[in-house]
Every structure is written in C-alpha cells, then in structure tokens.
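Asks: Below you will find the structure I want to go over with you.
The values are calculated or read from the model by the stated rules, or taken from the named source; none is laboratory data. Since the structure is predicted, the reported quantities are computational estimates derived from the model, not experimental observations. Positions of Cβ are backbone-derived with ideal geometry, glycine not excepted, and every protein chain shown enters the neighbour counts. When the accessible area is computed, the model is the full protein with side chains, heavy atoms only, and any ligands, DNA or RNA have been set aside. Shrake-Rupley method; radii C 1.70, N 1.55, O 1.52, S 1.80 Å.
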Amino acid sequence: MNPIDIWLRDVVSRAGFGDVAELVAQYDLKAYRLRQLYHAATKELLAGPAEVTTLPKELRSALTTRGIAFSSLVPIAVQRSRDEQTTKGLFRLHDGKEVEAVLMEHYGDRTTVCISSQAGCAFACAFCATGQGGFNRNLTAGEIFEQALFFARTLGERKKRITNVVFMGMGEPFHNYDAVMEAVALLNDPNGFGLGHRHITISTVGLVDKIDRFSDERLQVNLAISLHAPSDELRSSLMPVNRRFPLAELMAACERHVQKTNRKIFFEYVMLAGVNDSDECARELAAIMSGRLYHVNLIPYNATPDGAYSATDNARIWDFAAILDAAGVPVTVRQNMGRDIAAACGQLQAETQPKAHQAVSQ
Ligand code: SAH
C-alpha cells in the first residue's frame, strides 16, 4: 500500500468515514487535494486541515468540523529533563489508552525519537515497566507515526529535525508487524516525512519467525535484538519469550539476517546488578557474539518503581565492556539519558503523577 493511502485510511476511519472514497464523494475532492492534505501533515508538519492555506477556506473548516485531524494523540504529560536533552511525552489515544514516546537531542544535530508500537506489552520481561503492566492493544500505523510527527513539530519550532527513529518504546514491534511496517513506510516516504531507512531501528525481544520475515523484506532498516543474557537459563528467567525461541534459534535467525541483508545487528544488553553483569557473563556473551557484523550495546538500567532490579554501577559496566572488547566484540556503552524523568520504557505511565517542577507545557 502507498504511504498516502495508509495515512488517509487511518485519518478517515478515525473521523468515522467508511473509507477514503466516502470522504472524496462527500466533498468532491480531487486527488491533488488529498495530496495537499498529506503533504501538509507529513512534510509541512501542520497541526490540522485548518492550517492548510492551500485549501479553500470553506473546505478547511468543513473538514475540521467533520473531524478530519492530522493527529489523534492527545499529549497529557510532556516532561523535559533538567539538561534539556530528553523530552518525554505521554499520549492518550482516542479510546483512552496511553502510550509514551521520548525525544533525545544529542550533542550536535543528531536527534532520536523513541516510539511505541503497542499500548502495553504481552512479553512480560521481568525488568521492564511496560512488561509488568500487561498488554492493552496494537497501535495503528497512524498512531505510531504520529508520535514522530509530534516531536518533529516540537523540533521544528527550534529549527531542528528528527534524524533517527527507534522502535524502543512500549510494546513489541514484531508483535504488531504489519502496522509497524506501514509506519516505517510513512516515516520513509520521500514525498512525505522522508526519513531514510538507515535512520530507523526496530528492536525486538527476538521473535524468530518475524525476524526471518523482516530479513526477507531486504530493507535497510536496522535491527536490534534485546538479548540481556548469554545463557538460556538466565535469559528465560528475565525474558519468558526465551522459552519459545531459545538462544540457539534466535542466534541462527540473526545469522540468516546478516547473510541475507549484509547489515549489522545491534544486541541490547541491559546491565542488571548481580544478575547478568559478572565477568563470566561477559565471557559467555563474547562467545556467542562471534558473528560477523554483530555489535553489543550495553544499556545502563533505569530502575522501575517495583525495585526488583538495580542498575550496575558504571565501573562494572566498563569492566564488562573491556572483556567483550578484548575478545574482539564491538561494544558501546549507551549514554544514559533522561533518568530524572523516568525515560525508560513504560516508566512515565507507571508513575502516578509527573512531578510538577519537571513538567513543561508544549
Ligand atoms: N519490545 C522491544 C522494544 C521495546 S523495549 C524489545 O524488547 O526490544 C526497548 C529496549 O529497552 C529493550 O532492549 C528493553 O529491554 C529495554 N528496557 C526496558 N526496560 C528498561 C529499563 N527499565 N532500563 C533500561 N532499558 C530498558
């Protein structure tokens, strides 16, 4: 499906139309009018039809009154970290469900938006705030895309743009595969948002069948695997999905991905004090990271409210990294951002009330 058709389908169904044809018939819209609307939303980053001055005035107000909107997300809490590098948004969907997205402004011009693919998550990883809350529902392609649009508008006010999008917010992207691929098409469309595939990363708990499907798409989109443990026993205790797709099967799928796409895979490894951060874990991890184009990202843990796990201290993280490095495994330690605003997956929603002094209105 064309990006414009994906976008229109979501916009008209939210406004209560049966399909795009119904909207077109009702307002006698020509195809170029539809393109104007799409362009206004995805390229000019306008907030709604009322702002689209290329449309006749009556049409603008008719569409607005009839419920045609460029976003269905209502920002209900937007918090910026004290260093102003991280902005986290909590959004209410049309049915009252909530999702989060995070904007990270790195030094230089690089900006990354971390978006959610589902409200809640079905995979129940032991250390993850979203996993503890259970699954609500899949997001539509439009709802996923609109999280990026929201922050693109915020950045636009500061003459900046989004340079990277990562599917590392709430939910499991490969558990909502079709909508995520449609959202990728919306993000990528050169006639719209225009973000290159290489600037998009999808992170998965490791659904082997979907990894294969994704490899077969032959996209330049980056793949990240949430590994978090080097053995089946430990991984199954942290990530129940490992019982369905144990490490040997997961690593075989990763190998196939590299063979097919010749693209690097990022392995995420969240550092949990006394759980997966020993020298022995590092050596075991090095042993399974022997593949070509494998890269390990060590992630400082953001403690969740239940306090079941705590973060490995920095010195230990660097010692762990040194073991991987000595074994020839490419490794980076992820910069921790937004810890003061609980910016890890599911944390803002898990907090009852955002702290007033951190809240900024957008
Ligand atoms: N379901 C996908 C994407 C969402 S989570 C996946 O699991 O990859 C994105 C990343 O954040 C995952 O690697 C996840 O394990 C990690 N994560 C979750 N909770 C975290 C926390 N409290 N601190 C640090 N990283 C966390």
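Asks: Residue by residue through the stretch 34-53, note down the ones that are at pLDDT below 95 and either more than 27 Å from the chain's Cα centre (by Cα) or farther than 19 Å from V12 by Cβ (or both).
Replies: If the condition is that a residue be at pLDDT below 95 and either more than 27 Å from the chain's Cα centre (by Cα) or farther than 19 Å from V12 by Cβ (or both), then no residue fits.
Asks: Can you pull out every residue in the stretch 123-135 that is assigned to a helix (DSSP H, G or I) and crowded, with 21+ Cβ neighbours inside 10 Å?
Replies: Scanning the stretch 123-135 gives A129, T130, G131.
Asks: If I ask for residues that are of a type outside the set (F, W, Y) and part of a loop (DSSP other than H, G, I, E, B), which ones from the stretch 52-73 would you list?
Replies: Selection gives V52, T53, T54, L55, P56, R66, G67, I68, A69, S71, S72, L73.
Asks: Does R60 satisfy the criteria of being more than 24 Å from I144 (Cβ to Cβ), open to solvent by 30 Å² or more (accessible area, probe 1.4 Å), basic (K, R) and under 29 Å from the mean Cα position of the chain (by Cα)?
Replies: In short, no.
Asks: Pairs needed: first member in the stretch 258-287, more than 25 Å from R218 (Cα to Cα) and within 15 Å of the ligand (Cβ to nearest atom); second member anywhere, of a type in the set (D, E, K, R) and open to solvent by 30 Å² or more (accessible area, probe 1.4 Å); C-beta distance under 8 Å; at least 6 residues apart or different chains.
Replies: What qualifies is M271/R316; A273/D313; A273/R316; D277/R316.
Asks: Within the stretch 172-245, which helices (runs of 4 or more DSSP H) (wholly inside it) include 1 or more residues that are more than 16 Å from the chain's Cα centre (by Cα) and assigned by TED's automatic domain parsing to the domain that holds R110?
Replies: 208-217, 232-238, 241-244
Asks: Which of the residues spanning the stretch 63-121 are aromatic (F, W, Y) and surrounded by fewer than 22 Cβ atoms within 10 Å (Cβ to Cβ)?
Replies: Result: Y107, single match.
Asks: If you take the residues in the stretch 258-303 that are in a loop (DSSP other than H, G, I, E, B) and among the charged types (D, E, K, R), which one is least open to solvent (accessible area, probe 1.4 Å)?
Replies: Applying the filter and picking the extreme gives D277.
For every residue, the table says whether it meets (1) crowded, with 22+ Cβ neighbours inside 10 Å; (2) within 12 Å of the ligand (Cβ to nearest atom); (3) farther than 20 Å from V78 by Cβ.
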site: R137; (1), (2), (3): no, no, yes
site: K159; (1), (2), (3): no, no, no
site: D178; (1), (2), (3): no, no, yes
site: D189; (1), (2), (3): no, no, yes
site: G196; (1), (2), (3): no, no, yes
site: T204; (1), (2), (3): yes, yes, yes
site: V208; (1), (2), (3): no, no, yes
site: I211; (1), (2), (3): yes, yes, yes
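Asks: Check F245, F267, F193 and return the single one that is over 21 Å from N164 (Cβ atoms) and aromatic (F, W, Y).
Replies: F245
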